1. For the stretch 39-47, just list the computed ³J(HN,Hα) in residue order, Karplus coefficients 6.51, -1.76 and 1.60, θ = phi - 60°, integers in Hz, with x standing in for Gly and Pro.
2. When the chain is fully extended, how far beyond the present Cα-Cα distance does LYS35 get from ALA103, taking 0.36 nm per residue of separation?
3. Using amide H atoms built 1.01 Å from N in the peptide plane, name the residues 5+ places from GLY142, or on other chains, whose amide H lies under 5 Å from its own.
4. For PHE49, list long-range residues whose amide hydrogen, built 1.01 Å from N in the peptide plane, is under 5 Å from its own amide hydrogen.
5. With a Förster radius of 25 Å, plug the Cβ-Cβ distance of LEU58 and ILE81 into 1/(1 + (r/R0)^6) and report the FRET value to the nearest 0.05.
6. Once amide H atoms are placed 1.01 Å from N in the peptide plane, what residues at a sequence separation of 5 or more from ILE114, or on another chain, have their amide H within under 5 Å of its amide H?
7. Kindly write out, for the stretch 132-137 in residue order, the coupling ³J(HN,Hα) from the Karplus curve 6.51 cos²θ - 1.76 cosθ + 1.60 (θ = phi - 60°), rounded to whole Hz, with x marking Gly and Pro.
Amino acid sequence: MFLACQMADVDKMSLPVKLNLSVPAAQEWVGTRRKQLKPWFRFVQTSKFQSPSSVPALGARIVKNIDHFQSNYLCIFVVLILYCLLTSPLLLFAVGTSLGACALISRKNVDQKICVFGQEISLAQQYGLIAMVSLPLFYLAGAGSVVFWVLGASMFFIVLHASFYNNESPEESFELPIQQV
């Protein structure tokens, strides 16, 4: 009876989209990002930096550059995360401990299921327990401020670059057509 109730709850909690979080899918995603990575010398080419001619041109330029350089912008985001981890030993310890515990329980669950007081604990419950135990450590390490700093700094640099990098060909323009009344 109890098991049937748990199974019914699992069906209610399923996502509307099938997520494929397998290693081959992750490798394919990383491979796609690497193929789309633009040369860094072109990314920082100073002769391409110009102010936009109008506000609509600014919006179109930002959208076009984010689409064109999204892998480069992702690299900037990852570098800022690594910078924060390496400059905060306590945060590095917290992340390492949490990931190590997750790796340990995933390896242990391959051989046998973990039981507490005769009750089998699912892998999701074990990950939830690790998250609950890790939260105070992340709080002490200042992970919240790091997350907001990385997001803010990334958005600042990405929008700044996307705003001023002129990635259009000379014959192409973002000017709106003038309508005559």
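1. Ordered by residue, 3J(HN,Hα) equals x, 5, 5, 6, 5, 10, 4, 5, 5 Hz.
2. On the way: separation 68, 0.36 × 68 = 24.48 nm, distance 2.96 nm.
Extending this stretch completely gives an extra 21.5 nm.
3. Excluding prolines and chain starts, which carry no amide H, there are no hits.
4. When sequence neighbours closer than 5 places are left aside, the close amide H contacts are ASN166.
5. Details: r = 28 Å, r/R0 = 1.12.
Calculated value: 0.35.
6. It is ILE121, by chain and number.
7. Karplus values, whole Hz, x for Gly and Pro: 5, 6, 7, 4, x, 5.
Bear in mind that the values in this text are calculations on the coordinates, not laboratory data. Keep in mind the model is a prediction, meaning the values are calculated, not measured. FYI the Cβ positions are ideal-geometry reconstructions off the backbone, even for glycines, and counts take in every protein chain you see.
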